[in-house]
Amino acid sequence: MIVVAQLLAAAVFTLTLVWVLHFREGVTWEMGSIPQLVYTAHPLFMVIGLVICTGEAVMAYRIVLGPRAARKAVHLLLHLLSLGFAAVGLYAAVKFHRDAGLPDIHSLHSWLGIATIGLYALQWLVAFVYFVFPGAMMTMRADYAPWHIFFGIVIFLMAVCTAETGLAKYIFPGNDYPSEAFVINFLGISIFVFGVTVVLAVILPSRY
């Protein structure tokens, strides 16, 4: 499952780059002749952060070889990196809406996105207090650990759902079905299968 997840992560990353750089003509922070170039940064950073980095962070205890402290550090830093990418992606969406005069937080995608980022940040802070802060007692850590794992998986699946609803906003009406639509559909399928594989890699016993 770990190997399959890594291959799927590479597929998601490659398809995202092909879509953003080839079909959407790249990314910019300035409103120019193609305003969508600002918004294109949103799916790019969100997929890299909340999907790929989060998936790798969730699997960190199965991937990283070495002492538990090293695995914990990688797990913590990958989640922090994911939040950083998410912040940039959120900024891109807000900037595009402001510059284009569009309303914010009107779609299911935006509602799921805000909830995911908010819960993600809360989960990271609570985990830092329980598992990194020296004042936390071992009994407190043991009691919270199952809930940390549960909510971590839930938030990751929320990120996957948010990505899927974001891709679903790209609709191609009529009988014309351009190559971009195939890339978006394959990207959506890859993200979904990646999410399932990550969860399996975490919950399956080590003997599998």
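Details
- Test: residue in the range 113-128 that is farther than 18 Å from residue 50 by Cβ, touching a His at 6+ places or on another chain (Cβ under 7 Å) and not polar (S, T, N, Q): no
- Selection from the range 79-98 of residues that are open to solvent by less than 40 Å² (accessible area, probe 1.4 Å) and among the aliphatic types (A, V, I, L, M): 83, 86, 92, 93
- For the range 64-97, taking the residues that are assigned to a loop (DSSP other than H, G, I, E, B) and of a type in the set (A, V, I, L, M), the one that is nearest to residue 201 (Cα to Cα) is identified as 64.
- Hey, residue 59 in contact with a Gly (Cβ under 6 Å, 6 or more places away or on another chain) and surrounded by 13 or more Cβ atoms within 10 Å (Cβ to Cβ) or not: no
- Selection within the range 11-23 - open to solvent by less than 60 Å² (accessible area, probe 1.4 Å) and under 14 Å from the mean Cα position of the chain (by Cα): 12, 16
The values are calculated or read from the model by the stated rules, or taken from the named source; none is laboratory data. As the structure is a computational prediction, the values presented were derived from the model and not from experiment. All Cβ positions, glycine included, derive from the backbone under ideal geometry; neighbour counts span all protein chains shown. Accessible surface is based on the protein model in full, side chains and every heavy atom, while ligands, DNA and RNA are left aside. Shrake-Rupley method; radii C 1.70, N 1.55, O 1.52, S 1.80 Å.
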